Amino acid sequence: MTDREVRRSSRVIVAEFVATVGEGNKFTKLDLNRAIPFYAQNDRRMRELRESGWVIDNYKVNPSLAPDEDLVREIGVQIDLGERPPKPARGAKRRRILERDGHVCAICGAPAGKPFPDAPSRRAVLTIGHLIPIARGGTDDDNNLRTVCQRCGDESRDNTLDPPTTDFVLTRARNIRSRKERKRLFAWMVACRKSPDDAELVFLDWRRLPHSEQVRVMQESGKEALAGD
């Protein structure tokens, strides 16, 4: 048996366990490892199920969960029952999507390997995600793929809305009356990322302060901003 076959088999076995837990139910890492004691990377295989449309929350995206808990929100392509999983973007396709998107997250604009502005201890790891998940009828065509960082990929799993239409976005863009704002929007589109202005950068730093210091800075800033009103 090849390494590739072993990896595929372990993912199916993890899928079988998660399916037995059932949608809407929780399980712990200990439950998972007790059920499948013969594989050392059960957590990794479980994360790989996202590529097949499985939605499994952890405490990072669902604050109601304990650090060792997971919640089965949605069972996607049932590879445990023999359904064929989608082929993840690899090789030439992966490079093509990354280059097309400028090697930055298409959602938050985080560049590959750079720290997040609001979480400098974490660096962005880029992967390829689907605009419309495979489990909801999406395809592996380039138009349905985008570059996402690991954080936005986790958060977007809860998004059940399809992408907006072209006409909807064009109408909203044309409704921006300020020429300055329209030029700024165009610059973001050309760069494939949103460049934060000074106020946004200060806000991100402010969010990293302890709560008591946030209140102090907010009060002082409010006095200066509202002076003369």
- Task: Can you tell me which residue within segment 141-163, out of those that are at pLDDT below 85 and part of a loop (DSSP other than H, G, I, E, B), is surrounded by the fewest Cβ atoms within 10 Å (Cβ to Cβ)?
- Result: Leu161
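Would a scan of segment 63-80 turn up a residue that is assigned to a strand (DSSP E or B), among the β-branched types (Val, Ile, Thr) and closer than 30 Å to Ala191 by Cβ?
no
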- Message: Looking only at segment 40-60, filter to residues that are surrounded by fewer than 18 Cβ atoms within 10 Å (Cβ to Cβ) and more than 13 Å from Gly153 (Cα to Cα); which one of those is modelled with the lowest pLDDT?
- Response: Ala40
- Note on the structure: Of (1) modelled with pLDDT of 85 or more; (2) surrounded by 12 or more Cβ atoms within 10 Å (Cβ to Cβ), Val169 fails just (2)
- Going through segment 98-132 in order, the residues found to be in a helix (DSSP H, G or I) and either surrounded by fewer than 17 Cβ atoms within 10 Å (Cβ to Cβ) or without any contact (Cβ under 8 Å) to a residue 12 or more places away in the chain (or both) are Glu99, Arg100
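Can you tell me which residue is farthest from Gly129 (Cα to Cα) among those in segment 52-80 that are of a type outside the set (Val, Ile, Thr) and touching a Gly at 6+ places or on another chain (Cβ under 9 Å)? Break it down into steps so the answer makes sense when it comes.
Taking segment 52-80 and keeping what is of a type outside the set (Val, Ile, Thr), we get 52-54, 57-60, 62-71, 73-74, 76, 78, 80.
Filter once more, so that each one left must be touching a Gly at 6+ places or on another chain (Cβ under 9 Å): 52-54, 71, 73-74, 76.
Working: Ser52: 11, Gly53: 11, Trp54: 13, Leu71: 21, Arg73: 19, Glu74: 17, Gly76: 15 Å.
Here the answer is Leu71.
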- Query: Of the residues that sit in segment 74-100 and are within 17 Å of the chain's Cα centre (by Cα) and at pLDDT 85 or above, which one is farthest from Trp206 (Cα to Cα)?
  - Reply: Arg94
- Message: With the structure loaded, tell me whether Ala135 is surrounded by 15 or more Cβ atoms within 10 Å (Cβ to Cβ), in the same structural domain as Asp101 (by TED's automatic domain parsing) and at pLDDT 75 or above or whether it fails that test.
- Response: no
- Sort out which residues of segment 172-193 are modelled with pLDDT of 70 or more and part of a loop (DSSP other than H, G, I, E, B), and write them in order of number. Asn175, Ile176, Arg177, Ser178
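The values are calculated or read from the model by the stated rules, or taken from the named source; none is laboratory data. Remember, predicted model here, so these are calculated numbers, not experimental data. In this analysis, Cβ positions are derived from the backbone assuming ideal geometry, glycine residues included, and neighbour counts consider all displayed protein chains.
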